Structures are given as structure tokens and as C-alpha cells.
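Read through the structure below, which is laid out as C-alpha cells, and then see the notes.
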Amino acid sequence: MNRFPSSDYTYSARQRIHVLREPEVWAQADASDQIEALRAYVRDYPGGQHANEAKERITKIADAQWEHVSSSRSEAEIREFLSRYPETTKAAAAEARIQQLYDDLDWVREQDSLDHYRRFATRFPDHPEIEWIKKRIIDLEVREIAAGEYAEMPRAEPLSLGGSSAYMEVENQTGYELTVRFSGPDSEKLIIPIGATRSITLPPGTYAVAASVTAANVRNYYGTNTLRGGRYTSKFYIGSR
């Protein structure tokens, strides 16, 4: 075989050796009772004498691993189980467990991520905590914009000072629908059509403010504004990146 590695005879000989080794390969996999050895047997001998038994044992081993993660509060751990044991019959149970976590507000708070809060808010728009969730989404959206590239936020210009709240008018001259988010003593969001002006009343304090439009070539704005009681105005002219 070494002298004629590409000959038909060599191929046939190798196939014969492969077939003859099946009992040995199975004996090793059977004795080890390890999922990787059983998988290797099924991979190398998909029509082998013990292929069905090997598949059943693989599934049994995979299903047994589910018991270790069935009550886990780690999405990553459950997804790792699905990735490592695709032969399991517990895939539907694993996906259901992940959905249980998505629907558990305590768990969502532990993750404290935009995706999880947004998913929860979409599924439970009438939840008793929905207003808090919406405000937390605003806070995290502001943080996300601050972590990327942005232009400096235009300063809010005071028109008059006095009073217990800050009243602000925001004018959108960007050419796109504009979303302005305020994160601070309160968390609020304005969605302003093209060319329009919208107003908001906020408690005094220092706010992280982020603005964005739904256009890929338009730069976000981010900055801080310290508001006292009074009236303010702000205009946005957002330029291309």
C-alpha cells in the first residue's frame, strides 16, 4: 500500500481494514461509555452493527447532562449545553428554560442589558414595572451612544431662570426624525419629526443627553447638560459622518 498509495487496490485495502477494525473500535467505545468515543464510532461507522445502540447511549448521556443545568439561571450555561449535546431530546425544555429567564424581571435586572429589557418590554407592555423599564432602557441607550463615536451635544440655551423645574424646547433641523434621550434625575425621551419642535419638563440636575437619527451616515450627539429651574431651548443640526 505504501508503494502505490493512490491505486484502487490501496483504497480497497484501506476500506477492508476499516471494516475489520469496527469490532475493536466498538469495544473501546462500549467500554469507555464516553460520549466522544460513541460519537466517533457513529461518525466512522454510520451503518455499523452497533450504530443504533451507540446513538441511543449518546442521547441518554446528553439527556443526563440536562439535569445539571435544568434549573440554571445562566443563559450561557444552557446554550453551552445545547451546543455540546445536540443529540439531546431536551432541546425544547432548554429553550423553554431560556424563555422563562427572559420573562423573569429579576433575572432581566441582573443582566441589565438593552436587549433583555427591550425584549421584556415588548412581551409585557402592561407590566406594573413598565415605566421603570422604559426609563432604564433610555439610560442604557444613552450609555451605548456615549461608548461610541459622537459629536458634541449642543448646549441648552437658557431663556429664563427660576422655578422648580426645567422646561426645554428642542428643535429638529437635522433632516431626519430625531430621538433625544435625557438620563439623570429623571430619564425621558423625545421623538421629534423633521422640522418640528417638541418640549419636555424635567427636574433640575445634571443630565447625560444623547441624540440619534435612523440614518447610518449621520453622527450621534452626546454630552451633558446641567439644568436649573427655568426655560431652555436647543437646536440640532446633525451632520454626516
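The values are calculated or read from the model by the stated rules, or taken from the named source; none is laboratory data. Computed from a prediction, not measured in an experiment: that's the story for all the values here. As a convention, Cβ positions derive from the backbone with ideal geometry for all residues, glycine included, and neighbour counts pool all protein chains shown.
Yes/no per residue for (1) closer than 30 Å to residue 23 by Cβ; (2) of a type in the set (A, V, I, L, M):
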site: 39; (1), (2): yes, no
site: 45; (1), (2): yes, no
site: 51; (1), (2): yes, yes
site: 74; (1), (2): no, no
site: 79; (1), (2): no, no
site: 82; (1), (2): no, yes
site: 107; (1), (2): no, no
site: 113; (1), (2): no, no
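Within the span defined as the stretch 219-226, one or more residues are in the same structural domain as residue 159 (by TED's automatic domain parsing), farther than 17 Å from residue 150 by Cβ, surrounded by fewer than 14 Cβ atoms within 10 Å (Cβ to Cβ) and not aromatic (Phe, Trp, Tyr). Only one of the listed residues (110, 141) is touching a residue at least 60 places away in the same chain (Cβ under 8 Å) and either farther than 19 Å from residue 183 by Cα or within 17 Å of the chain's Cα centre (by Cα) (or both). That residue is 141. Taking the criterion of being within 14 Å of residue 210 (Cβ to Cβ), touching a helix residue (DSSP H, G or I) at 6+ places or on another chain (Cβ under 9 Å) and among the β-branched types (Val, Ile, Thr), the only residue of the stretch 128-142 that qualifies is 137. Residue 123 meets the conditions (1) surrounded by 13 or more Cβ atoms within 10 Å (Cβ to Cβ); (2) more than 20 Å from residue 220 (Cα to Cα) in every case but one. The failed one is (1). Here residue 164 does not qualify as part of a strand (DSSP E or B) and among the polar types (S, T, N, Q).
Restricting to helices (runs of 4 or more DSSP H) lying wholly in the stretch 59-161: which have 3 or more residues that are within 30 Å of residue 227 (Cβ to Cβ)?
Values: elements: 75-84, 91-102, 105-111, 114-123, 130-146.
Ranges flagged: 114-123, 130-146.
Considering the stretch 146-178, and only residues there that are closer than 18 Å to residue 192 by Cβ and among the small types (Gly, Ala, Ser), the residue that is surrounded by the most Cβ atoms within 10 Å (Cβ to Cβ) turns out to be 166.
Conditions tested, residue by residue: (1) without any contact (Cβ under 8 Å) to a residue 40 or more places away in the chain; (2) closer than 17 Å to residue 173 by Cβ.
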| site | (1), (2) |
| --- | --- |
| 201 | yes, no |
| 215 | yes, yes |
| 223 | no, no |
| 226 | yes, no |
| 234 | no, yes |
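Whenever a residue of the stretch 77-95 is under 14 Å from residue 58 (Cβ atoms), its partners that are assigned to a helix (DSSP H, G or I) and among the acidic types (Asp, Glu), lying with C-beta atoms within less than 7 angstrom and at least six residues away or across chains, give the pairs 88/63; 89/63; 90/63.
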